[in-house]
Structures are given as C-alpha cells and as structure tokens.
Amino acid sequence: MESGRLERWSCFALVVQNGSMDDVSPDDENSFALLETNLADIGPVNESVKQVTFFSLCYATDYSSSKLAAPDGSGTVDFPFNKEGYRYFLVERDPNVIDRMQLEEDDGSTLRIIPSHLYRLHIQRTVTISPNDRAHELRVSDDQLTVTGFEGYRVARATHAVAKGTWYFEVNFLKQPEGSHVRIGWSQPLAVVQSCIGYNKLSYSWRSLKGTKFHDAIGRKYHFGGYKDLPLINFKHNYFYESHDEVSDVLKSLEPLQGSKIEFFKNGKSCGVAFTDIYRGFYHPAISIYKNATLRCNFGPRLQHLPVGALPMSGRVEELYVEQTLSEALYLVCQGHMKFVQILAVIQCMQSVLRGLTGKMMRVIPVKALEDNYMYLVYSEKDFKGFAVDPVEPKKIKDVADSCKVVILFPRFQMIMKIWSAEEAEIYGGDNRIDHLSRKVEHEEKFRVGEMEITALKTPCHTKGHICYYVSHSGDKRPIVLTGDTLFIAGCGKFFEGSAAEMHHNLNEILAKLPNDTYVYPGHEYTYSNLKFAHHIEPSNEDVKRKLEWAAQKKEQNVPTVPSTIGEEKKTNPFMRTTSSEIQQNVGATELVTVMDRVREAKNRFKS
C-alpha cells in the first residue's frame, strides 16, 4: 500500500517544549489558520479517495474492554478502557524483583492481593493508537493506526506521551464524508475522550471545520511515574496498575512552561505557531473524530515531512526503555535488593539496552534549490555524521546541516564554493572536471560515513563521470540510492555525453538489480511531466495511471514527490520498461537498446 495514493489531505502536528523557536506575535497567533484551506470542503461529491478496504477494522462491542495482541504473542489481552479520572496500565512480572513470599501466579480464580512491586510497567515496542486510552465507540484497524469515527466526537490518544523535546507525528485524511469533522493535536492523559480535543483544559487541537486552533484552557501540571506505588488490579486474567486522579485538583496546579510551543503543518508547510507557553505535563498525540471520518496515523520513523530538528514519536519508545531501566535500578537499590556488584550488572544491562535500540536510523532531507533541483542532506541519527548531495546552493544546505548538528559533510557533484572551506568538507565525485575534487571514486568502490556504508555506482551517459550512490545503514533495513541526473521518478537524464546503450546498462542492469524496496532520490522534480509521458507511451499501464493522479495532487499541493522506490520505477518508468510490448509497439522496435533510444527521442519531442 502506498499512502500517497490514498491521501486527500495530510495534516501534521508538532509539539515543542523547552524549545527556542522565534517568538510569534499575538496577532499572528490569533489569526492562525490552515493556509486558507478549509478541509470541510472535502465531501463525497469531490472526494477522489476510495473506501478503505485494505485494513481490517475492529469494533469494540464490549464497553468494558478492547483487545490487542499479547506482548508474548500468546493471544490477545483485554484492556479496560480508561474513563474520567481512572487510567489503566498493562504490567508484566518484573524479573529483577524476588518474590520473598514465593507467591504463585494468580489465575484469577480466587481473591488475593498481589504485591504491586512484583510487577513493572509493560512498554509497547511501537507507538500506535492506544488500545484503551480512547473512546470505546471508535473503530480501529488491526495495526492500531487507522481510526474511523462513530456518531459524536470521540477521542483517541497514542500509546506514548512526551514532556520535553521536539516531537512530530503525521495524520493522513483517508475519508471525510459530508458532515464529519476531525481534530488533531496533543492531549494530556486526563482529558476526557467522550468529547473533542481542545474541549477541556487539558488538550490542544487544530480543527478541520474552520481550519482554526481550538483550546478552552491552557494545561496542567502532571507528574509521570511512581507506578510501583499504585494498586494492582486483575482484569480478565491480566494485571494493570490503576491510577485515579481528581481532575478538578489537577487543574488547580497549572504551571506554564515558558518557550514551549505547538505548531501545525499541512503537507510539510508550517501553518504558524498555534499555541505558546503551554502548561507542563505529558502530552499524547491525539485525534478526535465527529461522525464517520477515517484517519491514518503515522508516528514514524518513516515520515513524509519531518521538520528539521524534530524527532518522530517512534523515538519515544527507546527513551522509555532507558527510563525504565534507570527506574528499576533505583528501585532495587532503595529496596535493598541489590549490592554494589549487582549495580554494576544493572549498568551493563543498561548498556545492552542502549545498544539494542532501533530508532537511530538514516535520515534524508530533501532541500529544494534553483528552479527544480534537489539537494539532499543524508545523515545517521545515531552519530549525526552525514554528507550533502549536489549542493548547488551551498549556504542553504549548510544551514540545514548546522540546524541538524551534522558533523561530517561532503557533497557529490557540485563545488562547495566559498561557503565551506577545504578543512570543513571533502568533495567526492566521479569526474575530474569537478572543482576542488578531493577524491575521485570508481565503480563499486565502498567507503563509510559514520554508520553509513556508501557504494559508488558509475553510470556514465548524462555526463561521462556521473556517479550514483547506494547507501545502507546499520540501523535501517531499507537502503537508498541517490541517482542525480541518471534516474528520475518515471524518467531519466538526457544522453548528453553518452549513448542509449550506456543508459540502458545504467538503468536496467545496474540500478534495476538493487533491492526493490530501495528508496530513490533523484536530482530534479520532473515527476508530473515524466508520468504524463509515461501514460502517453504506455496508456494501458494502470500503475502509471494511479501514480499520475497522485503526482497531480502533489503538484497542486506544491509538495515533493520524492522518494520513489526501485520496485515502483520498474512498474512506471518507461526507460526501465523497454521490454513492454506496448512501448515496443509504440516506438516501432524490439531490440532493447533501440527501444531505449527511441523512447528518449519520443520524450524529447513530447509536449506535456
């Protein structure tokens, strides 16, 4: 499934606490709107989105609980729904705590008080919509990411919350029938769920009806933790910590956090700062739906428009693992269960946990330049070492790098000019004509930048010394390839210094052999015009038709179409489909290099 084909609008929210963003005047804040776009206009008449059928939606008919797969894979767990003032947290046996009373596991058949210190909070390994911190009427997909509303306003919160840092998540509007409304934002745990975000004093939202922010109060002070002092309850053969807070008392202790802000984005473009100096507490990403709209949440790590300096909500998981380890070590020391030697063992365990975290991945930031060029900043979130690609506007790419605190940079094909000195960056490339070239690379030469391994792929044709770079990362399963002027989305570069035989070899014998899930980052934004030509020369290709519709939406929204994938290009790029009988018939040739040459000639003549 490609979410790009289903999205009609995408609205994104970012919370910044303890941040240092530029101040926004009260006038700007009060006039906050969604780029003059009213999402209430999306109705069944002008909506191109098809009914969602590829997600299995479950409906909680039992008011008391919802079901989710058990952490150990043994089946499902019934989660009691949170209700006003009461919250429930799934727990698991704590292997670090010795049961001095030698209690056997309770099967729920007898009334027995189980000491809560024998258990610890279970941490879900991924960020999703919470199985129980939501209105029970909502229908949620099996992967806990797609939500469909029911009748009145209902709220769903994510499984993880944040209180410090810069965090980001995305929401795709899949279906918004006439009369339905949605709100996205951030919510503290005690905000009511049988309402909308922003209805009370503990949440902030943007609303689709008028494209405006919504918040009745400011926030509250709330402290997370102390779970082992909470009562332990048995619910359908599983154990939960039960927390009961008087909301009215909490609201009296509100304390603002100076410099904190909430900002909303539409399709990657900031709509301005909506709220400033929000109140201290832990905030969950949250959505609320009126009637039967359908939303798809993306908490990362793969996000379409992650702002510079922000972390995907998925990164909160690894933080919680570290926090839990620290908390357990402190608890065991205070309870007298550990000696100094054992403390060292806990420290070693913490180091193992840190090494096992999977959220430190490869980041690729596209930066638009000139008329239709792409520059890229590529770096590892683990060590913040990276490189820049085709920095035709070097100061712009350097500013992005500085904001990300990337410490090693080298550009691929364009010279650095005077923005960077030779001591600050090296220049790698495959052509001796590149000014200030530090190192000429050869075909299939490998080198490393921090956690990333880079393989040079020589692809001469557009220029004689053209190089593509295939990049893999120790913490990221999906590699990328930076293709410059060789491979575009649904197209390729002109044969300025080479032949059709060379381009055929580049595309169909070198790049086509990369894994199908490899992300493709080209040097230019030509996607819409390329797909119009692809549809012209292979009109029966349904994949091209769908992607052309998607690209038209992206063009209208003025947002990038990168990345693609190698697998997608094999389906939609006519220069990688020279074996297609329809293309061969249209160009009057069957020999593959001749087909490549004639497709290029046809593209040169094509008027989009």
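The numbers here are math on the coordinates, done by the rules we state, and not lab data. Note that the structure is a prediction, hence the values are computed from the model and not measured. Positions of Cβ are generated from backbone atoms using ideal geometry, with glycine treated the same way; all protein chains shown enter the neighbour counts.
Extension gain for A501-Q258 works out to 81.2 nm (0.36 nm per residue, less the C-alpha to C-alpha distance). The label point for E591 and the one for N292, both projected 7 Å from the Cα toward the Cβ, are 6.0 nm apart. Less than 5 angstrom separates the built amide H of F169 from those of A13, all sequence-distant by 5 or more or on a different chain.
Please identify every one of the GluC sites (Glu not before Pro) in region 555-597 that sits in a loop by DSSP and has no more than 13 other beta carbons within 10 Å of its own beta carbon. Of the GluC sites (Glu not before Pro), the ones in loops of region 555-597 whose Cβ has at most 13 other Cβ atoms within 10 Å are E591. Fully extending the segment from K513 to S195 would add 109.3 nm, taking 0.36 nm per residue of separation and subtracting the current Cα-Cα distance. For the residue pairs K164/K269; K269/K382; K382/K440; K261/K477; K269/K385; K164/K382, alpha carbon separations beyond 30 Å are given by K261/K477. Spacing of the modelled spin labels on D143 and L370, each 7 Å from Cα toward Cβ, amounts to 3.8 nm. Relative protection proxy for 557-567, 285-295, from highest mean packing down: 285-295, 557-567 (other beta-carbon atoms within 10 angstrom).
Remark: region 543-553, residue by residue, has Karplus-estimated 3J(HN,Hα) of 4, 5, 4, 5, 6, 5, 4, 4, 5, 5, 5 Hz, where x stands for each Gly or Pro and the curve is 6.51 cos²θ - 1.76 cosθ + 1.60 at θ = phi - 60°. Here the simple spin-label model places points 7 Å from the Cα toward Cβ, and for R125 and K446 these points are separated by 2.8 nm. In region 362-605 the Cα-Cα distances spread across 10 Å bins starting at 0 as 8, 32, 36, 19, 5, 0 percent of all pairs.
Computed from phi, the 3J(HN,Hα) profile of region 513-519 under the Karplus parametrisation 6.51, -1.76, 1.60 (θ = phi - 60°) reads 8, 5, x, 4, 8, 5, 6 Hz, with x in place of Gly and Pro.
The three principal axes of the C-alpha atoms in region 467-528 carry coordinate ranges of 38, 25, 17 Å, sorted with the longest axis first.
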